[in-house]
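Here the structure comes first, spelled out in structure tokens, and everything after it is commentary.
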Amino acid sequence: MRGAAFADVVGREGGYSAERVDPGNWTGGAVGVGELHRTKFGISAGAYPTLDIAGLTLADAQATYRRDFWDRVRGDELPPPLALLVFDAAVNNGIGHAACWLQTAAGATADGDIGPATLAAVVAASGGGAALCGEFQAQRLTFMAALPTWRVFGLGWARRLCACGGSA
């Protein structure tokens with residue numbers, strides 16, 4: 001995993017969060033469902049209900065990010081600016097969503113699996129690098145703005161997308 005990508009995403013995710021209205025902070029993945037175990041470095045109780053979130057180290061987070069996000073979106077095989085966007089989306093919105101947005105942006109079949117056909121479509125479309133990144137972010141923003149938690153977190157998410165697109 002490119003160190004800059006990890007540092008960038010962890011910087012956006014922040015440290016320990018105890019926000020009760022964040023579904024990711026609950027072990028059941030929904031507000032009030034399960035236990036409030038919170039989030040740290042973007043590693044959520046909703047995704048990792050048995051993990052000791054409070055005791056998570058930065059090194060633990062980096063290993064988790066590489067294994068569960070970067071490698072699964074094939075970050076090493078994507079152009080660096082696009083890799084950052086897809087990685088950030090996988091962490092923040094889920095791997096399936098990130099993969100489908102990439103596939104849609106590149107004109108590939110949106111099946112949620114980044115394989116050889118998706119990578120070939122990215123290479124074919126990467127001549128329009130900025131356009132490909134812009135379309136990916138537009139797909140992502142449309143999804144996020146439709147979430148019921150947009151009213152609470154929308155401004156922060158919009159800032160995240162703008163900042164991420166600016167550093168890509």
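For the range 134-143, check the following and say yes or no: at least one residue is out of contact with any Ser or Thr (no Cβ under 9 Å at 6 or more places or on another chain), of a type in the set (D, E, K, R) and free of Cβ contacts under 8 Å to residues at least 24 places away in the same chain.
No, every residue in the range 134-143 fails to be out of contact with any Ser or Thr (no Cβ under 9 Å at 6 or more places or on another chain), of a type in the set (D, E, K, R) and free of Cβ contacts under 8 Å to residues at least 24 places away in the same chain.
Restricting attention to helices (runs of 4 or more DSSP H) lying wholly within the range 1-116, give those where 1 or more residues are more than 17 Å from the chain's Cα centre (by Cα), surrounded by fewer than 19 Cβ atoms within 10 Å (Cβ to Cβ) and modelled with pLDDT of 80 or more.
58-65
I'd like to verify a number: residues in the range 49-73 that are in contact with a helix residue (DSSP H, G or I) (Cβ under 9 Å, 6 or more places away or on another chain) and either under 21 Å from Val86 (Cβ atoms) or among the charged types (D, E, K, R) (or both), how many?
The qualifying residues number 9.
Applying the selection to the range 64-117, what residues are among the β-branched types (Val, Ile, Thr) and without any contact (Cβ under 8 Å) to a residue 24 or more places away in the chain? Explain how you work it out, then say what you get.
Here is the first cut: in the range 64-117, the residues among the β-branched types (Val, Ile, Thr) are 64, 73, 86, 91, 95, 104, 109, 114.
Selection gives Thr64, Thr109.
The values are calculated or read from the model by the stated rules, or taken from the named source; none is laboratory data. Predicted, not measured: the structure shown is a model, and the values here were computed from it. For neighbour counting, all protein chains shown are included, and Cβ atoms are generated from backbone atoms with ideal geometry for every residue, glycine included.
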